[in-house]
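This report refers to the structure that appears directly beneath it.
The values are calculated or read from the model by the stated rules, or taken from the named source; none is laboratory data. For clarity, every value in this text was computed on a predicted model and none was experimentally measured. Cβ placement follows ideal geometry from the backbone for every residue including glycine, while neighbour counts extend to all protein chains displayed.
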Amino acid sequence: MKNFATLYGSLAFVLGFFVHSEGLHAQGDAGVEARFIAMLKNATLKGTWAPVQGGKLGREKGDDSYRIARAEKTADGKWSIVSVFNVQGRQVEFPIAASVKFAGDTAVLILDNVRAGPGAANWSARIMFHDDVYAGRWWETANREHGGTIAGTITRDAATSK
C-alpha cells in the first residue's frame, strides 16, 4: 500500500507539472509565436538528411541547407513560411502555406500536400523546431517512398535579422 501511495503521489506530481507547464505555453501564446518568428527570420537551416524507403532509414547525407526569409502568421491563423530559392541565377522568395502547432515552446510545422518550391511535386512534412535546432520527416505526397528525415541547426544572418 505504501508503494501505491508513493506511485500515486509521484504520478500526481508529474501530471501536475505537465498541466502547469502546458498552461504556460498554450497554442496561440504570443510570446512563443514571436520566438518562432524570430528564429526563422533570415535563417539558414543546415544539417543532414537520410532517405526512408520500405520503412527503413537509409544512410545519412550531409550538406542539406534551406534558406528562410521569414515566417508569417496570416489573419486566418495559418502560417506562411517564405523560403528563398536560387532560380536561374537569381534569388526568389517562395511562400509555403503551412500549419504550425505548438507543444509547449516547441513549434511543429505541418505541410499537407503543399507545393514547396519549383517543380511539379507536392510535399508533406512534420518538422519540429526548438532552440535553434530542427528535426523531422518529409515525403512526396503522391509517393511516400520518396522522402526522408532531416535534422540540423538554425543560424541567422545578423546583419539582416533586425
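From the residues in the range 39-57 that are touching a residue at least 60 places away in the same chain (Cβ under 8 Å) and small (Gly, Ala, Ser), which one is farthest from Asp105 (Cα to Cα)? Looking at the filtered set, the residue picked out is Gly54. Count of the range 113-127 residues, restricted to those that are hydrophobic (A, V, I, L, M, F, W, C) and not in a loop (DSSP other than H, G, I, E, B), is 4.
Every residue, every condition in (1) within 23 Å of Ala50 (Cβ to Cβ); (2) surrounded by fewer than 12 Cβ atoms within 10 Å (Cβ to Cβ); (3) among the small types (Gly, Ala, Ser), yes or no:
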position	(1), (2), (3)
Phe94	no, no, no
Ala103	no, no, yes
Asp112	yes, no, no
Trp123	yes, no, no
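Report yes if Thr141 is touching a Ser or Thr at 6+ places or on another chain (Cβ under 6 Å), surrounded by 13 or more Cβ atoms within 10 Å (Cβ to Cβ) and of a type outside the set (A, V, I, L, M), otherwise no. Considered against the rule, which asks whether it is touching a Ser or Thr at 6+ places or on another chain (Cβ under 6 Å), surrounded by 13 or more Cβ atoms within 10 Å (Cβ to Cβ) and of a type outside the set (A, V, I, L, M), Thr141 comes out as yes.
Residue count for the range 64-79, restricted to those that are of a type outside the set (Gly, Ala, Ser), assigned to a strand (DSSP E or B) and under 20 Å from Ala30 (Cα atoms): 4. Can you find a residue in the range 128-144 that is farther than 21 Å from Leu57 by Cβ, among the β-branched types (Val, Ile, Thr) and not in a strand (DSSP E or B)? Among the residues of the range 128-144, not one is farther than 21 Å from Leu57 by Cβ, among the β-branched types (Val, Ile, Thr) and not in a strand (DSSP E or B), which makes the answer no. Step by step: first the residues of the range 80-112, then only those that are touching a residue at least 40 places away in the same chain (Cβ under 8 Å) and outside any loop (DSSP other than H, G, I, E, B), then the one that is nearest to Val133 (Cα to Cα). Which residue is that? If we take residues in the range 80-112 being touching a residue at least 40 places away in the same chain (Cβ under 8 Å) and outside any loop (DSSP other than H, G, I, E, B), then Ala107 is nearest to Val133 (Cα to Cα). For the range 23-36, the candidate set comprises residues that are of a type in the set (A, V, I, L, M, F, W, C) and surrounded by fewer than 16 Cβ atoms within 10 Å (Cβ to Cβ); within that set, the residue that is modelled with the highest pLDDT is Ala34.
As a summary of the residue check, Thr155 satisfies the conditions (1) closer than 23 Å to Gly62 by Cβ; (2) surrounded by 15 or more Cβ atoms within 10 Å (Cβ to Cβ); (3) modelled with pLDDT of 95 or more except for the one numbered (2). Identify, please: which residue in the range 73-86 is small (Gly, Ala, Ser) and surrounded by 12 or more Cβ atoms within 10 Å (Cβ to Cβ) and is, among those, nearest to Glu33 (Cα to Cα)? Ranking the candidates gives Ser80 first. The set of residues from the range 118-142 being of a type in the set (Gly, Ala, Ser) and under 14 Å from Ser83 (Cβ atoms) comprises Gly119, Ala125. Of the residues Gly89, Gly55, Gly62, which is of a type outside the set (A, V, I, L, M, F, W, C), closer than 22 Å to Thr153 by Cβ, out of contact with any Lys or Arg (no Cβ under 8 Å at 6 or more places or on another chain) and loosely packed, with under 14 Cβ neighbours inside 10 Å? Step by step, each of Gly89, Gly55, Gly62 is checked, and only Gly62 is of a type outside the set (A, V, I, L, M, F, W, C), closer than 22 Å to Thr153 by Cβ, out of contact with any Lys or Arg (no Cβ under 8 Å at 6 or more places or on another chain) and loosely packed, with under 14 Cβ neighbours inside 10 Å.
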